[in-house]
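Notes for the one structure printed next.
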Amino acid sequence: MNWDRIKGNWKQVTGKAKEQWGKLTDNDLEVIAGHRDQLAGKIQERYGVAKDEAERQLAEWERKATDSWFTKANKRL
């Protein structure tokens, strides 16, 4: 999945991010606002993992992104 699409639909995918990384707060996700580097940093901070591990988790999560993440039914507005 293209990160630009994730970033552009950030409000729709925040639920998926919270499913993956439950220690991230709503405020964290609001501040991150789809910025990949900030998300990686918050994963490092909340989970106490190294940068390469946070990047690995993020890359795996990004690969899981499907069109269903962006359907109207998944909007959390």
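Remarks
- Table column - 3J(HN,Hα) (Hz), segment 38-48, Karplus curve with 6.51, -1.76, 1.60, x for Gly and Pro: 5, 5, 4, x, 5, 4, 4, 5, 6, 9, x
- Considered as an equivalent ellipsoid built on the Cα gyration tensor, the chain has semi-axes of 20, 13, 10 Å, the largest given first.
- Lys/Arg +1, Asp/Glu -1 at C-beta; segment 26-74 dipole; positive extreme among A33, Q44, A65: A65
- Simple Cβ-charge dipole of the chain, Lys/Arg +1 and Asp/Glu -1, about Cα centre, in debye nearest 20: 320
- Links that overshoot a 18 Å alpha carbon limit, given the list K16/K51; K18/K64; K11/K51; K7/K51; K7/K64: K16/K51; K11/K51; K7/K51
- Phi angles of segment 10-17 translate, via the Karplus equation with coefficients 6.51, -1.76, 1.60 and θ = phi - 60°, into HN-Hα couplings of 3, 4, 6, 9, 4, x, 5, 5 Hz per residue; Gly and Pro are given as x.
- Calculated mean residue ellipticity at 222 nm for the chain: -19000 deg cm²/dmol, from DSSP H runs with n ≥ 4 weighted as -39500 (n - 2.57), summed, divided by the residue count and rounded to 500.
Bear in mind these aren't lab numbers, they're just calculated from the coordinates by the rules spelled out. Being a predicted model, the structure only gives us computed values, none of them experimental. Positions of Cβ are generated from backbone atoms using ideal geometry, with glycine treated the same way; all protein chains shown enter the neighbour counts.
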